[in-house]
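All remarks here apply to the structure that follows.
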Amino acid sequence: MLVQSASSQVTPDHHPGGAPAPGARPALAVETGTRDGATVLTMKGHLVAETAVAAEAQILTTTVLAGRPLNLVLDLTEVDAIDRHGTGLLTKTRFTVSAAKGALHLVAPPGGAVHPALNRYLRRITVPRLEDVPAAPGAGL
């Protein structure tokens, strides 16, 4: 069961009514929740140079504030664009979570925008659906 606890818009670029503004900067919305003992960050939009710095701040804050043992899931299912800055952020996140002796899982469907951008190193921690993420140890207790 996924429980949403917070939401933020990293870079707003929408008019009222939801349509993107002409010539607007890319946007990335991040929602924080929990599922089976894991902290889940669900990202929607563009994970690119213009949004990566703010996304990194959100990821680092979540990493610091999450319970231990750290079990972090980045759900990238609704990310529709990623560049080398976004991929670099994912790699940096893996190192950060590993240094905290935690587990990181990426959710990126094979037909989605993110999966082709992932290197072998990141694909090892990638699952196609949120339901495929293993439950955190002790989550059912």
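Summary table below
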| quantity | calculated |
| --- | --- |
| Long-range HN-HN contacts of Ala38 with modeled amide H, under 5 Å | Ala136 |
| Interchain or long-range residues, amide H under 5 Å from His105's placed H | Leu72, Val73, Leu74 |
| Using θ = phi - 60° and Karplus 6.51 cos²θ - 1.76 cosθ + 1.60, couplings along the range 38-54 (whole Hz; Gly, Pro as x) | 9, 8, 10, 9, 9, 10, 9, x, 10, 9, 9, 3, 5, 10, 5, 5, 5 |
| For the range 29-77 versus the range 102-140, the gap between their alpha-carbon centres in whole angstrom | 13 Å |
| Estimated vicinal HN-Hα couplings, Hz - the range 87-102 in sequence order (Karplus 6.51, -1.76, 1.60; Gly, Pro = x) | 5, x, 5, 5, 5, 4, 5, 4, 5, 5, 5, 4, 5, 7, 6, x |
| 5 angstrom amide H check on Glu78, placed H, neighbours 5+ away | Met43 |
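Bear in mind that the values in this text are calculations on the coordinates, not laboratory data. Note that this is a predicted model, so its numbers are computed, not measured.
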